[in-house]
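First comes the structure, then the notes that go with it.
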Amino acid sequence: MSPSISTSSPANGNVSAETAAQAARTANTGVQSVTFAKALNTALADAMEHDSAVLMFGEDVGVLGGVFRITDGLTKRFGTGRCFDTPLAESGIVGMAIGMAMNGMRPVIEMQFDAFAYPAFEQIASHVAKMHNRTKGKMPLPMVIRIPYAGGIGGVEHHCDSSEAYYAHTPGLKVFTPSTVKDAYLMLREAIDSPDPVVFMEPKKLYWTKEQVDLESLRLSHETSMVPPTEGKAAIARAGTDATLIAYGPSVSTALAAAEAAALEGRNLEVIDVRTIVPFDDATISESVRKTGRAVVISEAPGFASVASEIVARVQERCFHSLAAPVLRVTGFDTPFPPPKLEKYFLPSVDRILDAVDALQWEEVA
Amino acid sequence: MPLSALSKNHHVVTVTFSFCLQDYRSHAHFSRIFREAGYISVAKPIIELRNGLGSNPQGLLRCHPKSRKAWTVTINESREAMEQVSSKFGITPEDYMLPARTEIHMLDVNGKLHPAGQQGAEPGHEYPLPSPAALLAAYEQLVIGRRVNDQNSALVRQGRMAVYPSSHGQEACQVAAALCLGEDDWMFPTYRDSVAVMAKGVAPMEVMTSFRGDWHSGYDPNQYKVSVQATPLTTQLLHAVGVAHAAKLRGEDTVVLAMCGDGATSEGDFHEALNFAAVFNLPVIFFVQNNQYAISVPLSQQSVAPSLAHKAVGYGMAGERVDGNDLVALLAVLGRAVRLAREGNGPLLVEAHTYRMQAHTNADDATRYREDAEVQAWIAKDPLTRMRSYLADAGLLTEAAEERITASAEAVAKTLRDGMNSEETPDPAELFAYVFSSPTTQLTEQAHMLADELAREEDTK
């Protein structure tokens, strides 16, 4: 019953893998409309193609391709050894990733939703964050914890938390959060390359936003180090002169919309995209605020003891003599994230940002 | 790609095939080969890959024997492994997974070998006596372990070490955990497993680094294949699972031994680790030292399971319990577990019944929660005296050997005393150096601030 079947040679196999990679490259070449989700998906595929130690696992990331389809096609292309579903246990996912990183792999793991990551908090705070330090640098943990986070999608309870402060507060974790399609690609590649563990926070409401991007040229730029690193580098999303709006992740687009509205009222606002909360770029932000003399920090997370609070404190410590007004915050309320019908009242809005800008004591200058 | 029939009934034929790692590209790739060979006619046959990208990857093709149409079968590698290994022992998978009715024990409390029929063994749960050379080498580590425990406790009392959770009374478990592993096998110890870490080869003073109050783990985990001693309970079991998973994906035959105590089995990560290891069919030995207490809380308040080893069957893995003060039985049971795991039969859970003869740490007062009579009863089962009696009676332990072993234990104790006597002050600047692979701007600023403070202190002296 066993017919003699010709074995495919290694060469044939390689051709097949090459073909898949080549097909992907061809499809990604040229400026085209690309979603945030597609950029992340391509970054994962390119990283897995680039380095066989890169693995992707989590809940529903295999055949389904992730509930947000960020891992779409990876199992098919790279096999079940490299992109696979795990039992439903977040602490288990993070804990196993730690062991894999200890043993030569570069795991990328997906927490399905922000609030579902909490069972893994002990692994993250006690081990992911501390292993490098505890072993005096002998046991680095190159791993990426991807967390879809924040609201704006009409999500139900436990699906819309802005949990970045927990991670940013924990020494030893880097915290990245892109706000553009281009950064989604580049920052994820950078996070995967990082020798340090990165909590990679993906604003859910941006998954379906589009930009004109050439993914293949981004891949080449990244792999030949032709683009400056984003780590520790805030981006000036909009240049301006009158006041600085400081935002990250899901709030950057709201800040940009507010700046456009303010321009109609004759105020030229600068918008800064923090990009990496840890490490934090004090220099770019301080330079901007010293120039404009006014600042508003915008973030979806509840404002009390938040990343926004930290940014305000840092700006006031560094820019006090340049400030014409106190640095203000526009944040989520100190309530649990509200149900879909109420989230518009909770989230920082263009109007609320403009109100804050209006409150920056302009009359005293005039 | 050689094909051979693995099993056949009227529903389905299973065909196994081997392939080279480089050959694997996709299921579609394999289906095409099968189709072109005329073996199957359907476009998308059910093909399962076993052993992942491991050293001996195999594929399973399942199809209907008559129509040769694909047959939808979900293959569970772990279940297949379980069926194969249990049939090898001639027992059912359930009997393989359930621990033997009593613990496995070989030496009685006086060090006499139990008759073969009274060692707790059952069909499929047989444990041959380890070799005399292995027993003597293990005894040497046992003597050293006891000496290390007592020396360290003395150093704590003298204020020369910050804390030491002693494994006094559990040394047989400590020694067996280390000696059952090969050089490339990993160990994931807890804070009470310092003796096991030393027995795996880590230099005594490196092991004691954090206990003496320094901020880091001392040794390099990669060098010794020993992870840092875990303080949070059972978090390290998942790391063990990850190390084993990575090794398996690369086709290495590494076995990982992950240690925890009885109280720790109540933790969520214990459950997640055992389940992950079983689902991914990973070579991990979960070694539970049931020393009867989690600080003050007795086992009866942690679990009402028939035994901790019985928890294994709930995950689809094999469990066994063993007299944890019987070094001979421990070496036999753990040795077999490592062998089974290395052969690809998945994880195993071994529960050792032992006793923490001393307090949790020097900060604990055990008289508040247990009676002296209970402690005395366990002292009568001391692993050291049992092993010494057995070896002496068997003529394996000569006076000269005993002297040599005592001397090597003394040498380790002296190393510890001398090491703890040397005043080493950690460098405050190092606080900032290893938080990340390179310090952030903020950490550099803080390092400068502390350096400034220290410089000013120097100036005012």
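The values are calculated or read from the model by the stated rules, or taken from the named source; none is laboratory data. Predicted, not measured: the structure shown is a model, and the values here were computed from it. When we count neighbours, we look across all protein chains shown, and the Cβ atoms used for this are built from the backbone with ideal geometry, even at glycine. Side chains included, ligands, DNA and RNA excluded: accessible areas come from the protein's heavy atoms. Shrake-Rupley method; radii C 1.70, N 1.55, O 1.52, S 1.80 Å.
What the table shows:
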{"read-out": "Hits in segment A:130-172 - residues which are among the small types (Gly, Ala, Ser), within 19 Å of B:Thr440 (Cα to Cα) and open to solvent by less than 20 Å² (accessible area, probe 1.4 Å)", "value": "A:Gly172"}
{"read-out": "Residue among A:Glu265, A:Glu270 that is surrounded by fewer than 20 Cβ atoms within 10 Å (Cβ to Cβ) and not basic (Lys, Arg)", "value": "A:Glu265"}
{"read-out": "Residue list for segment A:43-65, restricted to those being open to solvent by 20 Å² or more (accessible area, probe 1.4 Å) and in a helix (DSSP H, G or I)", "value": "A:Glu49, A:His50"}
{"read-out": "Criterion (at pLDDT 95 or above and either β-branched (Val, Ile, Thr) or more than 19 Å from the chain's Cα centre (by Cα) (or both)) met by exactly one of B:Ala177, B:Ala137", "value": "B:Ala137"}
{"read-out": "Residue within segment A:79-97 that is in the same structural domain as A:Glu49 (by TED's automatic domain parsing), open to solvent by 10 Å² or more (accessible area, probe 1.4 Å) and of a type in the set (Val, Ile, Thr) present", "value": "yes"}
{"read-out": "Options B:Gly120, B:Gly111; residue that is surrounded by 18 or more Cβ atoms within 10 Å (Cβ to Cβ) and more than 23 Å from the chain's Cα centre (by Cα)", "value": "B:Gly111"}
{"read-out": "Helices (runs of 4 or more DSSP H) lying entirely in segment A:66-180 (those with 3 or more residues that are within 14 Å of another protein chain (Cβ to nearest Cβ))", "value": "A:74-78, A:90-102, A:131-134"}
{"read-out": "Residue satisfying all of: in segment B:278-308; β-branched (Val, Ile, Thr), more than 14 Å from every other protein chain (Cβ to nearest Cβ) and farther than 24 Å from B:Leu331 by Cβ; least open to solvent (accessible area, probe 1.4 Å) among these", "value": "B:Val297"}
{"read-out": "Selected residue (only one of A:Tyr248, A:Tyr185 is farther than 26 Å from A:His50 by Cβ and open to solvent by less than 20 Å² (accessible area, probe 1.4 Å))", "value": "A:Tyr248"}
{"read-out": "Answer residue from segment B:202-229, given it is open to solvent by less than 20 Å² (accessible area, probe 1.4 Å) and touching a Pro at 6+ places or on another chain (Cβ under 7 Å) and is farthest from the other protein chains (Cβ to nearest Cβ) among those", "value": "B:Val226"}
{"read-out": "Leading residue by the ranking (surrounded by the fewest Cβ atoms within 10 Å (Cβ to Cβ)) among those in segment B:356-373 that are of a type outside the set (S, T, N, Q) and within 21 Å of B:Val288 (Cα to Cα)", "value": "B:His360"}
{"read-out": "Residue that is farthest from B:Gly324 (Cα to Cα), among those in segment B:250-277 that are surrounded by fewer than 24 Cβ atoms within 10 Å (Cβ to Cβ) and facing chain A (nearest Cβ under 10 Å)", "value": "B:Arg250"}
{"read-out": "Residue among B:Ile285, B:Ile295 that alone is touching a His at 6+ places or on another chain (Cβ under 6 Å) and touching a residue at least 12 places away in the same chain (Cβ under 8 Å)", "value": "B:Ile295"}
{"read-out": "Elements of type strands (runs of 3 or more DSSP E) contained in segment A:266-366, each with 3 or more residues being away from every other protein chain (no Cβ under 14 Å)", "value": "A:269-273, A:295-302, A:328-332"}
{"read-out": "Residue in segment A:112-123 that is more than 24 Å from A:His50 (Cβ to Cβ), open to solvent by less than 10 Å² (accessible area, probe 1.4 Å) and among the acidic types (Asp, Glu) present", "value": "yes"}
{"read-out": "Check on B:Thr440, over 30 Å from B:Ala294 (Cα atoms) and either modelled with pLDDT under 95 or open to solvent by 70 Å² or more (accessible area, probe 1.4 Å) (or both)", "value": "no"}
{"read-out": "Residues that are open to solvent by 70 Å² or more (accessible area, probe 1.4 Å) and either touching a strand residue (DSSP E or B) at 6+ places or on another chain (Cβ under 8 Å) or in contact (Cβ under 8 Å) with a residue 40 or more places away in the chain (or both), drawn from segment B:425-437", "value": "B:Leu431"}
{"read-out": "Candidates A:Ala308, A:Ala259 - the one that is touching a Gly at 6+ places or on another chain (Cβ under 9 Å), under 26 Å from A:Lys344 (Cα atoms), free of Cβ contacts under 8 Å to residues at least 40 places away in the same chain and open to solvent by less than 30 Å² (accessible area, probe 1.4 Å)", "value": "A:Ala259"}
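This table checks each residue for (1) within 22 Å of B:Ala230 (Cα to Cα); (2) touching a Ser or Thr at 6+ places or on another chain (Cβ under 7 Å).
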site: A:Gly62; (1), (2): no, yes
site: A:Gly66; (1), (2): no, no
site: A:Thr71; (1), (2): no, no
site: A:Cys83; (1), (2): no, yes
site: A:Pro87; (1), (2): no, no
site: A:Ser91; (1), (2): yes, no
site: A:Gly99; (1), (2): yes, no
site: A:Lys130; (1), (2): yes, no
site: A:Arg134; (1), (2): yes, yes
